[in-house]
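The values are calculated or read from the model by the stated rules, or taken from the named source; none is laboratory data. Here the structure is a predicted model, which is why all the values come from computation and not from measurement. Methodologically, a virtual Cβ is constructed for each residue, glycine included, from the backbone with ideal geometry; neighbour enumeration extends over all protein chains shown. Side chains included, ligands, DNA and RNA excluded: accessible areas come from the protein's heavy atoms. Shrake-Rupley method; radii C 1.70, N 1.55, O 1.52, S 1.80 Å.
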Amino acid sequence: MTKIDEMVIRVLYGSETGTAQDVAEQIWKSAKRKGLQSAVSSLDEYDIQNLPSEQLIIFVVATTGQGDPPANMKQFWRQLLRKNLPATMLKNLKYGVLGLGDSSYSKFNFAAKKLNKRLAQLGGEELLPIGLADDQHNLGIDAVVDPWIKKLWDEIVDVFEISVKEKTNEENLIIERFGVSIIEINQLNPIRIDELLTGSPYQSNADIYAQETFINSDVRIGTIVENIRTTSEDHFQDVRLINIQADNIKYDPGDVIYIRPKNTAEQVKRFFDILREHEIKLFPDTVIQVSEKEIKVPFVLKRNLTLREIVEQYWDLNFKPRRSTMHTLSLVSDNELEKEKLCEFASPIGQEELYDYINRPRRNILEVLTDFPHTTSKMNIKLLFEIMSPIKPRPYSIASSLEATPNRIQVLVAVVKFKTRLVEPRFGLCTKWLASLKNNNKVIFWLQKGTFRFNNDKPMILIGPGTGVAPFRSLLLERAKKEKDLKECILFFGCRNEDKDYHCRQDFERLSRENNLKVFCAFSRDQDRKIYVQHVIRQQKELCWQFLENNGSIYLAGTEPVRLSPGWEGTGRPDDELNFKGVTMDQADLELNPPRDRLNLVFFILVLHGIGALMPWNMFITAKQYFVGYKLSKEYTGVDTNYATNFLAYLGFASQVPNLLFNWLNVFLQFGGNLTTRIVWSIFVLVLIFVFTVVLAMTDSSDWSGVFFWITMVSVVILNTANGIYQNSVFGMAAKLPIKYTGAVVLGSNISGTFTAIINFLAQIMAPNARTAAIYYFITALFILLACFDTYFALPINRFYRYHELLHQKEMNKRQLESSSRGKHKPKPAYWLVFKACFPQCFNTFLIFFVTLALFPSVQSDIRSSDENFVVPSDYYSSVMCFLTFNITAMLGSSIASLVQWPSKRYLVIPVVLRLAYIPLFLLCNYHPAETKRILPILINNDWVFFVIAVTMGLSSGYLSSLSMMYCPRMVDSQYASTAGMFGAASLITGIFTGILFSMVMPSLVANVTF
């Protein structure tokens, strides 16, 4: 057992832009709140010599570039890769690795994966599996980070046997990272403050980061020599080509410049206005000292700074508060309403509210402080350091060439500005600041290798719409200076208008004219029909293919899957579009916590719909006594007609022809629109028909038996038309769910026959006459259909069903996005390809039901007892050996299929084809159809042998039909699963129909065939 006093939870991070550092500090704060000893630092700040003595380390690692470790991890990583390190070096260490990455890059979370593997090689023991957070997820990195951290604490409890309950005393409510104190307060009147904030020009010696150049040779100070707009004045977007001068710089095409931006003077003034309005005694010239307390103080804060310098250059006033920020504010708030709201924002159930409040409108920290005035009035310098976030450096692709412009760096920057529901427009902190720079202004920057690795020995196809053309401009200018001839390069550029936003037009036209560069442009808004880069590429397909045949390479920038800038400013799109992409917090929660089918509720609902789908057919064929022996009988009508004699033949035709027709038509035409519309309207029609049937049962039709017969047939046609759509749609609905739920529908279909037979039997026992029995019988069917109607509307409320609907819709959206990215229209189901793919299972389904309906009930019900002393009396022989045996065994077979799926999709056809042997087996039993003289010899005259045959036929029918219907949607991509399920349902009805037709041949076979 580990002693709490000896246990130190060390959190190490490798962070490029600050995100991994923020996550690491949240883990550290969580440990401190639990009363545990903990420390946090960057990997490079950690002494690797201490690793063998550590018990537990949590690593939070970001990935940069092409799978590279972050800058503050490189030294640690080089030391960890030394070959002389023993394989048992970390035998005492338990560790967890949390990676933060972006799946749009090919080497997703590569740094974290490599670290995890190396730690294991050195003998470390994984405390929990590596977490791979993805910025491209709908919830961003939180989708993995939150559950991973929760799992981390669970594992710490189990392995180290220590308590991780949070302590709630006042002393550790706010975990302070630094020791912050005020050295000097210079109180100014409001007029003087305004002059100070808005009237001071930028000076290099006033830059708090300037001293970094003395300790880090990579950090440089550049001078703005040109800042020109590349778009026309009347164009909606301001794009800048900014020219920075610096001596002794080195970079290659494709490299990136990181720039340290500042807040605008307007934002800084607004910050101090908020302090003044809430009577917080902090002023621009207040001198602040930051000392080390729990976390190492950043170099820039190690000297005393004025609050104005910190606000202008260190704190990000455009920062969107996180959940942790809201938690900190809730701890200091003493206003009941504000505290309640802040606590809600900080809670797991309040994340949808927080998202709507912060992310959608992109509300910044200053606006949050304004919205919570009572809480803001509690602010002090220490709390400000806990809720504010430092400005992160912004990366931009270099658009220039040292060969063409020595000692110069040019960047092509689109100024980010957009509207949300808030009154004030939103803007990008860095791009707005860059656009405001004048000649001779200074910028702090450093250079870094980018994601591109250009191979100058191969032909190049460069695709760079918008500002994505920047690295290609750098490449082409460089090659033009070195090689002159650019005939091995193609540039595809895209923008809205040739005269408004064709960036660097003069350069590309000159390179085309003087250096043989092939330039093809797509100006999407210069004609009625929008033309994009992909359309122009298609027009030049022969040329592109020629380049590719010569081993050419394709380079793409400015859109997925290649992003030059990890930050949202690099795309110019709002954060909610980049991260959440329209997903609701309910959907996000479903993805984070995939639900189970509690109590098998969805399974039983689909069983009920399976019962309802075959209810109309079973009700009418089982009610033979009502129609033939009562409503159409000579005793009731007083006339002798052929309506009663041929009733079942007419009923079968009226039932199965429309059922068959509309099952197939529903696959292609999808009557009534989507699944919901089709299911709801079809059940509604079924209910109306059964109500009408009950009314007919209550009506005296003895004087118009012919009219009654044809009204019944028309109602059966309408009934089975609606039922065909309903049955087909139910299988389409089940196809979106795991495989066993299609089996649930088949199971319900098999239960339907048993259920109907029992209801008919009970109605006959309980009712005094056939008329009342029929009323009870059809009203019961009515209640079953109403239950189907109600439970269908209950499905969207069920989390399990919503989860699989979400997965299905996401797959559909993904396929549509892939198709649209290839220039295709919204895909329609490729019916022939879908049918071709699922045909093996459609054939299996057809053949199973063909064999079954060829024998049941027509042949099986006419097999008579061979032994007078058999356990089942002759009067009940048909009911027990035919209807009861088949329905129960088919139901059992379907149930087994939900538990075991064998054989596989490929080999299912073998037992299906072997079932054809049941046809001669049944004919060789004691089969005596009415009014038919049998000449075929009876070879199976043992009742028990017949019972075994009947049992295996029923079991195989239920089991194999469930398997084929389960497999059918899995033969195609998930976006076509619903269509494949409908093909399977249509094949089922086709098998039933043809089986019934073939059953009419059976009497002729035994009457004319002998051997």
Worksheet item: Which residues does a label at K634 reach in the range 684-717, if reach means a backbone N under 17 Å from a point 7 Å past the Cα toward the Cβ?
Response: 705-706
Practice prompt. Past 25 Å, Cα to Cα, is the threshold; run K91/K165; K94/K151; K151/K382; K34/K94 against it and keep the listed order.
Written response: K91/K165; K151/K382
Discussion item. Can you tell me which lysines have their Cα less than 19 Å from the Cα of K458? Leave out same-chain residues fewer than eight positions away.
Written reply: K481, K482, K484, K487, K518, K541
Fill in: For V180, residues with placed amide H under 5 Å, excluding near neighbours
S291
Discussion item. Assuming 0.36 nm per residue, please report the length gained on full extension of the stretch L807 to L899 beyond their Cα-Cα distance.
Written reply: 30.8 nm
Fill in: Percent carbon-and-sulfur accessible area, the range 828-1010, ignoring ligands, DNA and RNA, probe 1.4 Å
68
Fill in: Overall dimensions of the range 828-1010 as given by Cα atoms, namely Rg and Dmax in Å
17.9, 63
Worksheet item: Going through the DSSP H helices of the chain, which span 27 Å or more along their own axis at the Cα atoms while scoring at least 0.0 as a mean Kyte-Doolittle hydropathy?
Response: 601-622, 647-669, 675-698, 705-734, 739-766, 770-794, 831-855, 943-967, 977-999
Item to complete: Enumerate the lysines that K933 could reach by cross-link, defined here as Cα to Cα under 26 Å, with residues fewer than 8 away along the same chain left out.
Response: K624
Worksheet, complete the sentence: Note: the range 453-556, point scatterers on Cα, Debye, no solvent; log10 I/I(0) at q = 0.11, 0.16, 0.18, 0.22 Å⁻¹ equals -0.31, -0.67, -0.84, -1.23
Discussion item. What is the percent carbon and sulfur in the accessible area of the range 627-710, measuring with a 1.4 Å probe over the protein chains and ignoring ligands?
Written reply: 68
Fill in: Residue among L462, S330, F299 farthest towards the positive dipole end of the chain, charges placed on Cβ
L462
Response to the item:
Rounded to the nearest 0.05, FRET efficiency between V945 and I779 (Cβ-Cβ, R0 51 Å) equals 0.80
Worksheet item: Taking a probe of 1.4 Å, how large is the accessible area per residue of the range 852-1011, in Å²?
Response: 44
Worksheet item: Once a ≥ b ≥ c are taken as the square roots of the eigenvalues of the Cα gyration tensor of the range 376-436, is the result rounded (a/c under 1.5), prolate (a/b larger than b/c) or oblate (a/b not larger than b/c)?
Response: oblate
Response to the item:
Rounded to one decimal in nm, the spacing of the 7 Å Cα→Cβ label points at F236 and K165 is 5.7
Worksheet item: Per the 1.4 Å probe, what fraction of the accessible area of the range 453-556, in percent, lies on carbon and sulfur atoms?
Response: 43
Worksheet, complete the sentence: Of all C-alpha pairs within the range 955-1011, those more than 20 angstrom apart amount in percent to 46
Discussion item. Amide H of I9 versus every other amide H placed in the peptide plane: which residues, excluding those fewer than 5 positions away on the same chain, fall under 5 Å?
Written reply: Q37, S38, A39
Discussion item. Going through the cross-link list K419/K442; K29/K150; K83/K114, which pairs have a Cα-Cα distance over 19 Å in this structure?
Written reply: K419/K442
Worksheet, complete the sentence: Mean Cβ-within-10 Å packing, highest first, puts peptides 131-137, 794-800 in the order 131-137, 794-800
Worksheet item: Which of the following values of Rg/Rh (Cα atoms, Kirkwood Rh) was calculated from the structure shown: (i) 0.97; (ii) 1.05; (iii) 1.10?
Response: (iii)
Item to complete: Taking the dipole about the Cα centre of the chain, with the C-beta of Lys and Arg at +1 and of Asp and Glu at -1, give me whichever of L556, V164, V290 is farthest to the positive side.
Response: L556
Response to the item:
In Å², rounded to a whole number, the accessible area per residue of the range 71-113 with probe 1.4 Å is 50
Discussion item. Please list 3J(HN,Hα) in residue order for the range 525-533, calculated via the Karplus relation 6.51 cos²θ - 1.76 cosθ + 1.60 where θ = phi - 60°; whole Hz, with x for glycine and proline.
Written reply: 10, 8, 8, 4, 8, 5, 10, 10, 4
Discussion item. Going by amide H atoms built from the backbone, whose H comes under 5 Å of the H on S389, apart from near neighbours?
Written reply: D316
Worksheet item: Which order, highest average first, do 296-302, 392-398 follow once you tally other Cβ atoms within 10 Å for each residue and take the mean per peptide?
Response: 392-398, 296-302
Practice prompt. Leaving out ligands and nucleic acids, note down the accessible area per residue over the range 453-556 with a 1.4 angstrom probe, in whole Å².
Written response: 51
Worksheet item: If you project the alpha carbons of the range 640-742 onto their three principal axes, what span does each projection cover, largest first, in Å?
Response: 53, 26, 24
Practice prompt. Kindly provide the helix-only [θ] at 222 nm of the chain, computed as the sum of -39,500 (n - 2.57) over DSSP H runs of four or more divided by all residues, to the nearest 500 deg cm²/dmol?
Written response: -15000 deg cm²/dmol
Item to complete: Mind ranking 768-778, 334-344, 989-999 by how tightly packed they are, going by the mean number of other C-beta atoms within 10 angstrom, highest first?
Response: 989-999, 768-778, 334-344
Discussion item. Working only with C-alpha atoms, what are the Rg and Dmax values of the range 9-160, expressed in angstrom?
Written reply: 14.4, 43
Worksheet item: FRET efficiency for Q506 and W153, Cβ-Cβ distance as r, R0 = 45 Å, nearest 0.05?
Response: 0.15
Worksheet entry | Partner lysines for K417 [C-alpha distance under 21 Å; skip if fewer than 8 residues away on the same chain] | K262, K269, K320, K392, K432, K438, K500, K581
Worksheet entry | At 1.567 mPa s and 4 °C, Stokes D of the range 707-768 from Kirkwood alpha-carbon radius, µm² per second | 92
